[in-house]
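Peer 1: Here it is, the structure in full.
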Amino acid sequence: MNLLVTGGAGFIGSNFIFYERKHHPEDRIVCLDALTYAGNLSTLASVLDQPGFRFVKMDIRDREAVFALFEEEKFDIVVNFAAESHVDRSIENPGIFLETNILGTANLMDASRKYGVGRFHQVSTDEVYGDLPLDRPDLFFTEETPIHTSSPYSSSKAAADLLALAYYRTFGLPVSVSRCSNNYGPYQFPEKLIPLMIANALADKPLPVYGTGENVRDWLYVEDHCKAVDLIMRNGRVGEVYNIGGHNEMANINIVKIILKELGKPESLITFVADRKGHDMRYAIDPSKIHAELGWLPETMFADGIKKTIRWYLDNQEWWKTIVSGEYQQYYEKMYGNR
Ligand code: NAD
Ligand code: DAU
């Protein structure tokens, strides 16, 4: 099997490559990544020189280059992780989200059609469903929940999902789509809640909690997401959407308190700052379809996963301290300077 993993130098894509190497060492993997601020080749150091692995620095917006790679490689499966992924950045600058997340995905699917790819898997997000109210804990996102996006990021992801499903119906491209809840684990860029709070706490810097901190996210350890994507792209039905989540809803403020406790830092570091524009209140996934059809269940409980994650950030300070220098420092000043 010849597998294309786009966005494999990012957080989930790199964890997915490690998962595939471990569980399907017989498969060849080509990782395509533009190495934006969020992509880091050093993350892939352990697999870069392995036989059956190839890294290609490429932008999915570059249609000609994408087509040339597909012609050369004749992929069996394409898994598209490549995206602009941070909601706050999409509020600052929506354009690049539309280009990469929508047009880039279209380029990959057009090449998949032309070169007869056997499965195109689109990695999407629960954010396409919008949000749920805090006072209705009985409500969950199912695959039938209407698309109702809040941010330029989630809108661009929803557009790509709909395009993928349209390519299935119109052209018969064998697509599948997965919509996962919030991931955490090793190699997550420290602009996202959990690694940002770990990094700030370690530096005794204020921990910026948006609004009241009551917003709820449904957290899943990244390896459990990778396992789900692997199952869907190999055994999931084409033309179908699968929700992925582990029923682990937590308020942001509680996550932050857990991190401080684990690191032995005072809660006085918590600083409530101006809320995110259009901030979604609650995400909660109903994962019964993927459980019933593919037998998927999460394996890492949050209490263990968060300890493992904090340990990883403590043990790998060079990885994140290098990437938070430079461009990221300017971003941090811009986002949090006047908040
Ligand atoms: P990330 O930002 O850590 O990584 C994105 C990767 O894509 C980076 O390596 C980046 O260099 C690459 N990339 C960006 N633009 C590109 C382009 N034009 N061409 C080629 N490569 C490009 O993101 P992540 O958190 O790993 O998310 C991966 C995917 O999973 C995204 O599609 C995201 O929407 C989805 N997702 C993320 C989460 C989460 O909690 N992080 C949850 C559900 C779904
Ligand atoms: O639900 C899946 C989505 O999860 C993915 O599709 C996105 O790619 C991923 O970035 C993530 O989106 P969120 O917006 O939920 O993640 P983020 O880590 O940015 O924020 C999590 C929550 O924490 C959210 O309610 C905003 C809040 N927050 C975030 C940051 C960065 C803060 O309170 N302070 C912060 O500094």
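Peer 1: Which fully enclosed helices (runs of 4 or more DSSP H) of the range 246-339 have 2 or more residues being among the aromatic types (F, W, Y) and modelled with pLDDT of 95 or more?
Peer 2: 302-315
Peer 1: Suppose we filter the range 34-63 for residues that are assigned to a helix (DSSP H, G or I) and away from ligand 1 (no atom under 14 Å from the Cβ); how many remain?
Peer 2: 4
Peer 1: Residues being part of a loop (DSSP other than H, G, I, E, B) and more than 16 Å from ligand 2 (Cβ to nearest atom): count how many of those fall in the range 114-135.
Peer 2: 5
Peer 1: Filter the range 1-12 down to the residues that are under 19 Å from L69 (Cα atoms) and either more than 16 Å from ligand 2 (Cβ to nearest atom) or not polar (S, T, N, Q) (or both) and list them by number.
Peer 2: M1, N2, L3, L4, V5, G7, G8, A9
Peer 1: Can I ask one more? Would you be able to say whether some residue in the range 221-228 is of a type in the set (A, V, I, L, M, F, W, C) and surrounded by fewer than 22 Cβ atoms within 10 Å (Cβ to Cβ)?
Peer 2: No, that holds for no residue.
Peer 1: Moving on to the next point. Determine if the range 164-180 includes at least one residue that is near ligand 2 (Cβ under 8 Å from one of its atoms) and closer than 24 Å to Y332 by Cα.
Peer 2: Scanning the range 164-180, I find no residue that is near ligand 2 (Cβ under 8 Å from one of its atoms) and closer than 24 Å to Y332 by Cα, so the answer is no.
Peer 1: Also: Would you point out the residue of the range 52-86, among those that are within 15 Å of ligand 2 (Cβ to nearest atom) and crowded, with 22+ Cβ neighbours inside 10 Å, that is nearest to F120 (Cα to Cα)?
Peer 2: Residue satisfying both the conditions and the ranking: N80.
Peer 1: Restricting attention to the range 87-134, report how many residues are within 15 Å of ligand 1 (Cβ to nearest atom) and in contact with a helix residue (DSSP H, G or I) (Cβ under 7 Å, 6 or more places away or on another chain).
Peer 2: Total satisfying the criteria: 22.
Peer 1: Go through A106, A83, A111 for me and flag whichever is part of a loop (DSSP other than H, G, I, E, B) and small (G, A, S).
Peer 2: Among A106, A83, A111, only A83 is part of a loop (DSSP other than H, G, I, E, B) and small (G, A, S).
Peer 1: Also: Considering every residue within the range 199-213, establish whether at least one is out of contact with any Phe, Trp or Tyr (no Cβ under 9 Å at 6 or more places or on another chain), under 19 Å from A38 (Cα atoms), crowded, with 24+ Cβ neighbours inside 10 Å and not β-branched (V, I, T).
Peer 2: The answer is no; no qualifying residue exists.
The values are calculated or read from the model by the stated rules, or taken from the named source; none is laboratory data. Predicted model, so just to flag it, every value in this text is computed and none were measured. Using ideal geometry, Cβ is built from the backbone for each residue, glycine included, and neighbour counts are taken over all protein chains shown.
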